[in-house]
Amino acid sequence: MPDAALLLAAYDREVRQAELTQAEPGQQLTLDGPLARLTGGRRGFVSGPPDLGVTGGALDELIARQRAFFAARGEEFEWKTRSHDRPAELPERLLAAGFAPEETETVLVAPLDAVAASAPPSTDVVVREADGRDDLLRIATLSASVFGHDEAAVAADLLARARADSGTTTHVVAEAEGRFVAASRLELVPGTGFAGLWGGATLPEWRGRGLYRALVAHRVGTARARGVSYLQVDALPTSRPILERLGFTAVTETTPYVWSPLSR
(Lines give C-alpha, C1' and ligand atoms only; values in the text may rest on other atoms or scores of the structure.)
Protein backbone atom coordinates (compact mmCIF):
# COMPACT_ATOMS: atom_id res chain seq x y z
CA MET A 1 0.00 0.00 0.00
CA PRO A 2 1.25 3.56 -0.72
CA ASP A 3 2.39 5.50 2.34
CA ALA A 4 -0.46 7.76 3.48
CA ALA A 5 1.91 10.35 4.97
CA LEU A 6 3.83 10.66 1.71
CA LEU A 7 0.61 10.97 -0.29
CA LEU A 8 -0.68 13.65 2.10
CA ALA A 9 2.58 15.55 1.77
CA ALA A 10 2.28 15.48 -2.03
CA TYR A 11 -1.36 16.59 -1.80
CA ASP A 12 -0.49 19.51 0.48
CA ARG A 13 2.52 20.49 -1.62
CA GLU A 14 0.81 20.40 -4.99
CA VAL A 15 -2.99 20.54 -4.73
CA ARG A 16 -3.17 22.90 -1.76
CA GLN A 17 -0.59 25.26 -3.26
CA ALA A 18 -2.51 25.30 -6.53
CA GLU A 19 -5.68 26.33 -4.66
CA LEU A 20 -3.84 29.44 -3.48
CA THR A 21 -2.61 30.47 -6.92
CA GLN A 22 -5.07 29.21 -9.56
CA ALA A 23 -8.63 30.21 -10.37
CA GLU A 24 -11.02 27.64 -11.73
CA PRO A 25 -12.33 28.22 -15.26
CA GLY A 26 -14.59 31.26 -15.32
CA GLN A 27 -13.70 32.35 -11.79
CA GLN A 28 -11.53 35.07 -10.28
CA LEU A 29 -9.00 34.67 -7.47
CA THR A 30 -8.06 37.26 -4.85
CA LEU A 31 -5.82 36.91 -1.79
CA ASP A 32 -6.32 38.02 1.79
CA GLY A 33 -3.30 37.19 3.92
CA PRO A 34 -2.90 33.39 3.89
CA LEU A 35 -6.28 32.85 2.21
CA ALA A 36 -7.37 32.60 -1.40
CA ARG A 37 -10.91 33.60 -2.41
CA LEU A 38 -12.68 32.47 -5.57
CA THR A 39 -15.65 34.36 -6.98
CA GLY A 40 -17.68 33.92 -10.14
CA GLY A 41 -19.05 30.44 -9.49
CA ARG A 42 -22.37 29.23 -8.08
CA ARG A 43 -21.07 30.27 -4.66
CA GLY A 44 -17.84 31.74 -3.35
CA PHE A 45 -14.96 29.64 -2.12
CA VAL A 46 -12.22 30.23 0.46
CA SER A 47 -9.20 28.02 1.16
CA GLY A 48 -5.86 28.34 2.90
CA PRO A 49 -2.57 26.50 3.41
CA PRO A 50 -2.21 23.64 5.92
CA ASP A 51 -1.19 26.18 8.57
CA LEU A 52 -2.90 29.58 8.51
CA GLY A 53 -0.32 31.00 10.92
CA VAL A 54 -2.92 32.92 12.97
CA THR A 55 -4.90 32.04 16.09
CA GLY A 56 -7.30 33.61 18.56
CA GLY A 57 -8.41 37.16 17.88
CA ALA A 58 -6.35 37.45 14.69
CA LEU A 59 -8.14 34.37 13.33
CA ASP A 60 -11.52 35.86 14.23
CA GLU A 61 -10.57 39.04 12.36
CA LEU A 62 -9.55 37.01 9.30
CA ILE A 63 -12.88 35.17 9.37
CA ALA A 64 -14.81 38.43 9.78
CA ARG A 65 -13.09 39.94 6.73
CA GLN A 66 -14.23 37.03 4.58
CA ARG A 67 -17.79 37.41 5.78
CA ALA A 68 -17.69 41.15 5.06
CA PHE A 69 -16.25 40.57 1.59
CA PHE A 70 -18.97 38.13 0.54
CA ALA A 71 -21.73 40.02 2.39
CA ALA A 72 -20.92 43.05 0.24
CA ARG A 73 -21.46 40.84 -2.81
CA GLY A 74 -24.64 39.32 -1.37
CA GLU A 75 -23.02 35.95 -1.97
CA GLU A 76 -22.93 32.65 -0.09
CA PHE A 77 -19.49 31.08 0.26
CA GLU A 78 -17.75 27.91 1.35
CA TRP A 79 -14.64 27.75 3.54
CA LYS A 80 -12.93 24.43 2.83
CA THR A 81 -11.18 22.88 5.84
CA ARG A 82 -9.09 19.73 6.30
CA SER A 83 -8.88 17.76 9.53
CA HIS A 84 -5.05 17.91 9.74
CA ASP A 85 -4.88 21.69 9.29
CA ARG A 86 -3.74 24.27 11.81
CA PRO A 87 -4.88 25.97 13.87
CA ALA A 88 -7.07 23.17 15.19
CA GLU A 89 -9.48 25.80 16.53
CA LEU A 90 -10.55 26.94 13.04
CA PRO A 91 -13.77 24.85 12.86
CA GLU A 92 -15.03 26.08 16.23
CA ARG A 93 -14.21 29.69 15.28
CA LEU A 94 -16.14 29.27 12.02
CA LEU A 95 -19.13 27.86 13.89
CA ALA A 96 -19.03 30.78 16.31
CA ALA A 97 -19.00 33.16 13.35
CA GLY A 98 -22.23 31.73 11.95
CA PHE A 99 -20.93 29.16 9.49
CA ALA A 100 -22.77 25.87 9.03
CA PRO A 101 -20.86 22.62 8.35
CA GLU A 102 -21.81 20.43 5.43
CA GLU A 103 -21.13 16.71 5.20
CA THR A 104 -17.56 15.65 5.94
CA GLU A 105 -15.81 13.79 3.14
CA THR A 106 -12.65 11.68 3.08
CA VAL A 107 -9.76 12.85 0.91
CA LEU A 108 -8.31 9.86 -0.94
CA VAL A 109 -5.20 9.87 -3.13
CA ALA A 110 -3.77 7.20 -5.43
CA PRO A 111 -0.69 7.04 -7.62
CA LEU A 112 -2.16 6.49 -11.07
CA ASP A 113 -0.35 3.18 -11.52
CA ALA A 114 -1.84 1.87 -8.26
CA VAL A 115 -5.47 2.12 -9.42
CA ALA A 116 -6.89 -1.32 -10.17
CA ALA A 117 -8.69 -2.03 -13.43
CA SER A 118 -12.48 -2.33 -13.36
CA ALA A 119 -14.81 -4.52 -15.36
CA PRO A 120 -16.91 -2.60 -17.89
CA PRO A 121 -20.61 -2.06 -17.17
CA SER A 122 -23.29 -4.11 -18.88
CA THR A 123 -23.61 -3.85 -22.63
CA ASP A 124 -26.78 -1.73 -22.38
CA VAL A 125 -24.70 1.15 -20.95
CA VAL A 126 -22.30 3.29 -22.98
CA VAL A 127 -19.55 5.15 -21.08
CA ARG A 128 -18.14 8.05 -23.09
CA GLU A 129 -16.83 11.59 -22.85
CA ALA A 130 -19.39 14.40 -23.07
CA ASP A 131 -19.29 16.37 -26.27
CA GLY A 132 -20.63 19.89 -26.65
CA ARG A 133 -23.36 22.10 -25.24
CA ASP A 134 -26.22 19.61 -25.49
CA ASP A 135 -24.34 17.03 -23.42
CA LEU A 136 -23.58 19.64 -20.75
CA LEU A 137 -27.26 20.54 -20.57
CA ARG A 138 -28.12 16.84 -20.16
CA ILE A 139 -25.58 16.63 -17.32
CA ALA A 140 -27.30 19.60 -15.67
CA THR A 141 -30.63 17.79 -15.90
CA LEU A 142 -29.10 14.70 -14.30
CA SER A 143 -27.45 16.70 -11.51
CA ALA A 144 -30.71 18.52 -10.73
CA SER A 145 -32.53 15.19 -10.54
CA VAL A 146 -29.95 13.51 -8.28
CA PHE A 147 -29.04 16.37 -5.93
CA GLY A 148 -32.07 18.65 -6.11
CA HIS A 149 -30.00 21.52 -7.50
CA ASP A 150 -31.50 24.30 -9.58
CA GLU A 151 -31.13 22.99 -13.13
CA ALA A 152 -30.80 26.41 -14.76
CA ALA A 153 -28.06 27.44 -12.31
CA VAL A 154 -26.14 24.20 -12.84
CA ALA A 155 -26.44 24.55 -16.62
CA ALA A 156 -25.24 28.16 -16.53
CA ASP A 157 -22.26 27.18 -14.37
CA LEU A 158 -21.30 24.23 -16.61
CA LEU A 159 -21.54 26.32 -19.76
CA ALA A 160 -19.54 29.20 -18.26
CA ARG A 161 -16.80 26.83 -17.12
CA ALA A 162 -16.70 25.18 -20.53
CA ARG A 163 -16.27 28.54 -22.27
CA ALA A 164 -13.36 29.43 -19.97
CA ASP A 165 -11.76 25.97 -19.86
CA SER A 166 -8.30 25.56 -21.38
CA GLY A 167 -8.56 21.80 -21.75
CA THR A 168 -8.22 20.78 -18.11
CA THR A 169 -11.75 19.37 -17.65
CA THR A 170 -13.21 16.20 -19.14
CA HIS A 171 -16.81 15.19 -18.45
CA VAL A 172 -17.55 11.46 -18.60
CA VAL A 173 -21.10 10.09 -18.78
CA ALA A 174 -22.90 6.76 -18.72
CA GLU A 175 -25.76 6.66 -21.21
CA ALA A 176 -28.60 4.12 -21.30
CA GLU A 177 -32.16 4.03 -22.56
CA GLY A 178 -31.62 7.32 -24.38
CA ARG A 179 -30.61 9.33 -21.31
CA PHE A 180 -27.67 10.05 -19.07
CA VAL A 181 -27.88 7.81 -16.00
CA ALA A 182 -24.54 8.81 -14.44
CA ALA A 183 -21.96 11.55 -14.93
CA SER A 184 -18.63 12.68 -13.51
CA ARG A 185 -15.60 14.73 -14.48
CA LEU A 186 -11.81 14.71 -14.43
CA GLU A 187 -10.06 18.00 -13.63
CA LEU A 188 -6.33 18.36 -14.18
CA VAL A 189 -4.55 20.63 -11.68
CA PRO A 190 -2.24 22.72 -13.91
CA GLY A 191 1.41 22.78 -12.95
CA THR A 192 1.10 19.64 -10.79
CA GLY A 193 1.05 15.88 -11.24
CA PHE A 194 -2.51 15.70 -9.84
CA ALA A 195 -5.97 15.41 -11.29
CA GLY A 196 -9.23 15.34 -9.34
CA LEU A 197 -12.23 13.07 -9.77
CA TRP A 198 -15.33 15.20 -9.22
CA GLY A 199 -19.03 15.53 -9.79
CA GLY A 200 -20.17 11.93 -9.45
CA ALA A 201 -23.96 11.66 -9.93
CA THR A 202 -25.95 8.47 -10.59
CA LEU A 203 -29.71 8.08 -10.81
CA PRO A 204 -30.94 6.08 -7.80
CA GLU A 205 -32.39 3.27 -9.89
CA TRP A 206 -29.03 2.80 -11.66
CA ARG A 207 -26.88 2.52 -8.54
CA GLY A 208 -25.22 -0.75 -7.63
CA ARG A 209 -24.55 -1.66 -11.27
CA GLY A 210 -20.86 -0.80 -11.46
CA LEU A 211 -21.31 2.62 -13.09
CA TYR A 212 -19.23 4.45 -10.48
CA ARG A 213 -16.29 2.10 -11.05
CA ALA A 214 -16.72 2.35 -14.82
CA LEU A 215 -16.61 6.14 -14.71
CA VAL A 216 -13.48 5.99 -12.54
CA ALA A 217 -11.86 3.56 -14.99
CA HIS A 218 -12.57 5.78 -17.98
CA ARG A 219 -11.12 8.81 -16.21
CA VAL A 220 -8.03 6.82 -15.22
CA GLY A 221 -7.43 6.14 -18.90
CA THR A 222 -7.87 9.80 -19.75
CA ALA A 223 -5.55 10.84 -16.92
CA ARG A 224 -2.89 8.38 -18.06
CA ALA A 225 -3.02 9.81 -21.59
CA ARG A 226 -2.56 13.30 -20.10
CA GLY A 227 0.54 12.38 -18.08
CA VAL A 228 -1.09 12.52 -14.63
CA SER A 229 0.81 10.97 -11.69
CA TYR A 230 -1.81 11.12 -8.90
CA LEU A 231 -5.59 11.07 -8.63
CA GLN A 232 -7.45 12.72 -5.77
CA VAL A 233 -11.08 12.36 -4.64
CA ASP A 234 -13.21 13.94 -1.91
CA ALA A 235 -15.38 10.91 -1.15
CA LEU A 236 -18.65 10.43 0.69
CA PRO A 237 -19.03 7.32 2.88
CA THR A 238 -20.87 5.52 0.07
CA SER A 239 -17.98 5.77 -2.40
CA ARG A 240 -14.99 5.54 -0.05
CA PRO A 241 -15.01 1.68 0.17
CA ILE A 242 -15.17 1.38 -3.62
CA LEU A 243 -12.23 3.73 -4.06
CA GLU A 244 -10.15 1.97 -1.41
CA ARG A 245 -10.73 -1.35 -3.17
CA LEU A 246 -9.53 0.31 -6.37
CA GLY A 247 -6.25 1.36 -4.71
CA PHE A 248 -6.93 4.79 -3.21
CA THR A 249 -5.59 5.70 0.25
CA ALA A 250 -7.37 7.93 2.79
CA VAL A 251 -5.07 10.81 3.78
CA THR A 252 -7.30 13.32 5.61
CA GLU A 253 -10.89 14.54 5.89
CA THR A 254 -12.44 17.70 4.49
CA THR A 255 -15.46 19.62 5.77
CA PRO A 256 -16.95 22.64 3.99
CA TYR A 257 -18.22 25.39 6.28
CA VAL A 258 -20.80 27.58 4.55
CA TRP A 259 -21.86 31.14 5.33
CA SER A 260 -24.79 32.86 3.69
CA PRO A 261 -25.92 36.49 3.85
CA LEU A 262 -29.37 35.07 4.64
CA SER A 263 -28.00 33.55 7.88
CA ARG A 264 -26.93 36.88 9.37
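Which residues' amide hydrogens lie under 5 Å from the amide hydrogen of Thr249, considering only partners 5 or more residues apart or on another chain, with H built in the peptide plane?
Amide H to amide H, under 5 Å and 5 or more residues apart or across chains, Thr249 pairs with Val109, Ala110.
If I take R0 = 45 Å and measure r between the Cβ atoms of Leu137 and Arg86 in this structure, what FRET efficiency does the formula 1/(1 + (r/R0)^6) give, to the nearest 0.05?
Between Leu137 and Arg86 the formula returns 0.55.
Going by amide H atoms built from the backbone, whose H comes under 5 Å of the H on Val54, apart from near neighbours?
none
Under a 10 Å cutoff between Cα atoms, tell me which one of Glu61, Glu177, Glu151 has the largest fluctuation in the Gaussian network model of the chain.
Result for the chain, Cα springs under 10 Å: Glu177 fluctuates most.
Modelling each spin label as a point 7 Å along the Cα-to-Cβ direction, I'd like the Arg207/Arg42 distance in nm, to one decimal.
1.8 nm
Compute, for the chain, the length of the dipole vector about the Cα centre, with Cβ point charges of +1 (Lys, Arg) and -1 (Asp, Glu) only. Units Debye, rounded to 20.
260 debye
Report the local net charge at Pro2: Lys and Arg +1, Asp and Glu -1, summed over other residues whose C-beta lies under 12 Å from its C-beta.
-3
Would you kindly find the accessible area of Ser239, with a 1.4 Å probe and non-protein molecules such as ligands, DNA and RNA excluded, rounding to the nearest 10 Å²?
Number for this one is 20 Å².
For the chain, what is the percent of antiparallel DSSP beta bridges, rounded to the nearest 5?
That works out to approximately 85 percent antiparallel.
Name the shape class, rounded, prolate or oblate, that the alpha-carbon gyration tensor gives for region 44-157, where a ≥ b ≥ c are the square roots of its eigenvalues, rounded holds for a/c under 1.5, and otherwise prolate holds if a/b is larger than b/c and oblate otherwise.
Taking the square roots of the gyration eigenvalues as a ≥ b ≥ c, region 44-157 is oblate.
What distance in nm separates the two pseudo spin-label positions at Asp60 and Ser229, each 7 Å out from Cα along the beta-carbon direction?
4.3 nm
Pulled fully out, how much extra length does the chain show between Ser166 and Asp113, if you take 0.36 nm times their separation in residues and subtract their Cα-Cα distance?
Difference between extended and current length: 16.5 nm.
Given the protein chains as shown and a 1.4 Å probe, how many square angstrom of Glu105 are accessible, to the nearest 10?
It works out to around 50 Å².
Any idea of Leu211's accessible area? Nearest 10 Å², probe 1.4 Å.
10 Å²
The values are calculated or read from the model by the stated rules, or taken from the named source; none is laboratory data. Please read these numbers as outputs of a predicted model, since none were measured by experiment. A quick note on method: Cβ atoms are made from the backbone with ideal geometry, for glycine too, and the neighbour counts reach across all protein chains shown. To get the accessible areas, we keep the full protein, side chains included, count just its heavy atoms, and leave off ligands, DNA and RNA. Shrake-Rupley method; radii C 1.70, N 1.55, O 1.52, S 1.80 Å.
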